[in-house]
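Structure, as structure tokens:
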Amino acid sequence: MKINTSRFGVIEVDEKDIIEFRQGIPAFEHLKRYIIISLEDDTHFYWLQSIDDGDIAFILADPFNFAADYEPVLSDSVLKELEIEKREDVLLLSMLVVPDKIENMTANLAAPIVINMAKKLGKQVILTDDDYPMRYPVFAAALREGE
């Protein structure tokens, strides 16, 4: 199937790659189907592109690349809802906010995107503990690690 997107133009999407977010994403509950687009030259960042609205895409990153101590706990109800049986089927990503100055980019560690890649089911999970911030400074963390 082909979809027209504002960021990538017309792209070909294989139906088997579509990830269903049964409840949508908060504030975008009406959009249920997405695909992950990897940036060719960078494996640290991804786009979560809506199939249902070509104008909607979220920039994501692997939080383990910049938050080494990140260990979110998924509830049994989330594991059941996403039909997760094996840890290796889980892809966990953080939504990013990229302001005008890229060095001020933040990641939402409090509500990761959790995807069961085997079943193609996804959800933005709001963690119940207060251990992780909604606005984690990505580059500040990288600078701390490099010191």
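Where a number appears in this text, it was derived from the coordinates with a stated rule and is not lab data. Remember, predicted model here, so these are calculated numbers, not experimental data. Every residue, glycine as well, gets a Cβ built from its backbone with ideal geometry; the counts of neighbours run over all protein chains shown.
Between Lys86 and Ser38, what's the calculated FRET efficiency when r is the beta-carbon distance and R0 is 22 Å? Round to 0.05.
Efficiency at R0 = 22 Å is approximately 0.50.
Report the extension gain between Asp52 and Ile126 in nm, rounded to one decimal, defined as 0.36 nm multiplied by the number of residues separating them, less their alpha carbon distance.
So the chain would gain 24.3 nm between Asp52 and Ile126.
Please work out how much length the chain gains when fully extended from Asn65 to Lys101, using 0.36 nm per residue of separation minus the C-alpha to C-alpha distance, in nm with one decimal. Intermediate values should be presented prior to the final figure.
On the way: separation 36, 0.36 × 36 = 12.96 nm, distance 2.03 nm.
Gain on stretching Asn65 to Lys101: 10.9 nm.
Count the lysine pairs in the chain that are 8 or more places apart or on different chains: how many have C-alpha atoms under 20 angstrom apart?
So the count of such lysine pairs works out to 18.
Counting other beta carbons within 10 Å of each residue's own, what order do Ile113, Ile102, Ile35, Ile18 fall into, fewest first?
Result, fewest neighbours first: Ile102, Ile18, Ile35, Ile113.
Return the single residue from Arg33, Arg22, Arg87 with maximal mean-square fluctuation; model: Gaussian network over the chain, springs between Cα atoms under 10 Å.
Most flexible of the set in this elastic network: Arg87.
Say each of Ala27 and Glu15 gets a label point 7 Å from the Cα, pointing the same way as Cα to Cβ; how far apart are those two points in nm?
3.3 nm
Starting at the first residue of region 127-137, write each ³J(HN,Hα) from the Karplus equation 6.51 cos²θ - 1.76 cosθ + 1.60 with θ = phi - 60°, in whole Hz, x for Gly and Pro.
My calculation for region 127-137 gives 5, 7, 8, 9, 6, 10, x, 6, 10, 7, x Hz in order.
Expressed in whole Å with the largest first, what are the equivalent ellipsoid semi-axes of the chain derived from the C-alpha gyration tensor as the square root of 5 times each eigenvalue?
24, 20, 13
How about region 1-36: which chymotrypsin sites (Phe, Trp or Tyr not before Pro) there are in a DSSP loop, with at most 14 other Cβ atoms within 10 Å of their Cβ?
Phe8
Enumerate the calculated ³J(HN,Hα) couplings along region 10-25 in order (Karplus 6.51 cos²θ - 1.76 cosθ + 1.60, θ = phi - 60°), each rounded to whole Hz, writing x wherever the residue is Gly or Pro.
7, 10, 8, 10, 7, 4, 6, 8, 6, 9, 8, 9, 4, 9, x, 10
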